[in-house]
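Step one of this worksheet: look at the structure below.
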Amino acid sequence: MLFESLVEWFIYSNLAMINIMAQYFENSGFSPVQIGALMAVIPGMALIANPFWFSLRNRIGEKKTLKYLILAPAILVWAVYLLPGFLPKLFALILFGFFATSIVPIGEAGVMESLMTKGMHLDKARLMGTVGFSTISLLSGFLFEISFIFMFIISTTALILAFTFSRKLKTYEIVSERKYTTDSSGNSRTFIFLLITATVGIMGVSFCGSFLPVLVSQKGFPESTVGISFAVLSICEVPFLLFAKSIIKKTGSLFLVATGIFAIGIRLFITPLAQTPSQLILTHILHGWNYIVIYYSIFNYIHFKIPKKQANKAQAAFWMIIQGVGFLVGYLGGGILVELIGLINTYNILSIIMFIISAPLFIWYFFSLKGGLK
């Protein structure tokens, strides 16, 4: 599991830099709408890039796809830093995003494939991705007070190391049998419903991440608060990942998605109430039952419930919706709402939406217990 864990560590280290780019844009003087638009580029590209890269993966294999996918953005990320002004950075992000948006989907698919050949689950390796994300976020919180150039140094370094270790994965190109495989008990109706409802939850998560730097700035907290907050929210995913396999087995995907969205609502409600940096950092503990719970339950459903012939298309759809639409709406829609009604009001409105959406999910779950929708 060593190489799988290292790949997870470094692809999520790079993702940490992508998620925290809003702090760089806020520091550069862009407005909330501009920040939302810039942050929306990469999830927007997911709608185009993920089908392309998953299709290429089927034709040329996992490792060749990762070669192009990882090394190109290691160079292109510097255009985001070097080009001045809103429009040049927007163009640079489009080029960077076409590759970068699919690094985690394709990389994690390779990790999952490699683990399944060994009879292992994703939980422990994915935990290392969380630790990598948290460690780099914490480190960046202090490095950014020196210079934001460290954001791009870290990104390039993480990508090069991710590519290096990805070459050691045992993917389907060289292994034909798995010790674990799907039981084909899943159905498209459940899968589509999970995707649609999860998109709403991810919208709230993406808003929390992209506009945290704006909230920190408005409250006059130190810039390091952002990096520390990202470190805390990431490391708080660890308890779930330690017991993810048994939790999913006992509760099912629908229940986890419902509780995840409800927890996002609580997080959105209490975050703007923080009066000190410490209080704001502590609110991010709730993230431990947000994105990771929604993401992992659906990801597990794809690999262990969806028929094998449909799994590749299901993965592409999953990343298009979760990484694309959910984050796109959260970034861009959030920026527009902040401009129209203010930052705090946007937090409150989104929290209400999460509570409303989670209610019918719980109802459906309890009515479906006898129906096998798990």
(request) Specify which of the listed residues (F318, F327, F299) is in contact with a Leu (Cβ under 8 Å, 6 or more places away or on another chain) and within 14 Å of V200 (Cα to Cα). (result) F318
(request) Kindly check whether there is at least one residue in segment 187-199 that is open to solvent by less than 60 Å² (accessible area, probe 1.4 Å), out of contact with any strand residue (DSSP E or B) (no Cβ under 8 Å at 6 or more places or on another chain), over 26 Å from G335 (Cα atoms) and at pLDDT 85 or above. (result) no
(request) Among the candidates G334, G342, single out the residue that is at positive phi and open to solvent by less than 40 Å² (accessible area, probe 1.4 Å). (result) G342
(request) Could you please find all residues in segment 88-141 being among the acidic types (D, E) and surrounded by fewer than 22 Cβ atoms within 10 Å (Cβ to Cβ)? (result) E113, D123
(message) Checking F327 against (1) open to solvent by less than 20 Å² (accessible area, probe 1.4 Å); (2) modelled with pLDDT of 80 or more; (3) closer than 11 Å to A46 by Cα; (4) hydrophobic (A, V, I, L, M, F, W, C): exactly one of these is not met. Which one?
(response) (1)
(request) Filter segment 352-367 down to the residues that are among the aliphatic types (A, V, I, L, M) and farther than 11 Å from G265 by Cα, then identify the one that is least open to solvent (accessible area, probe 1.4 Å). (result) L361
(message) Tally up the residues in segment 6-63 that are surrounded by 24 or more Cβ atoms within 10 Å (Cβ to Cβ) and on the phi > 0 side of the Ramachandran plot, please.
(response) 0
(message) Between I294, I298, which is open to solvent by less than 10 Å² (accessible area, probe 1.4 Å) and in contact with a Gly (Cβ under 9 Å, 6 or more places away or on another chain)?
(response) I294
(request) With respect to I294, determine if the residue is in contact with a Leu (Cβ under 8 Å, 6 or more places away or on another chain) and farther than 20 Å from K124 by Cα. (result) no
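The values are calculated or read from the model by the stated rules, or taken from the named source; none is laboratory data. Just so we're clear, the structure is a prediction, and the values are computed from it rather than from any experiment. Cβ: placed from backbone, ideal geometry, glycine included. Neighbour counts: every protein chain shown. Only protein heavy atoms, including side chains, enter the accessible area calculation; ligands, DNA and RNA are left aside. Shrake-Rupley method; radii C 1.70, N 1.55, O 1.52, S 1.80 Å.
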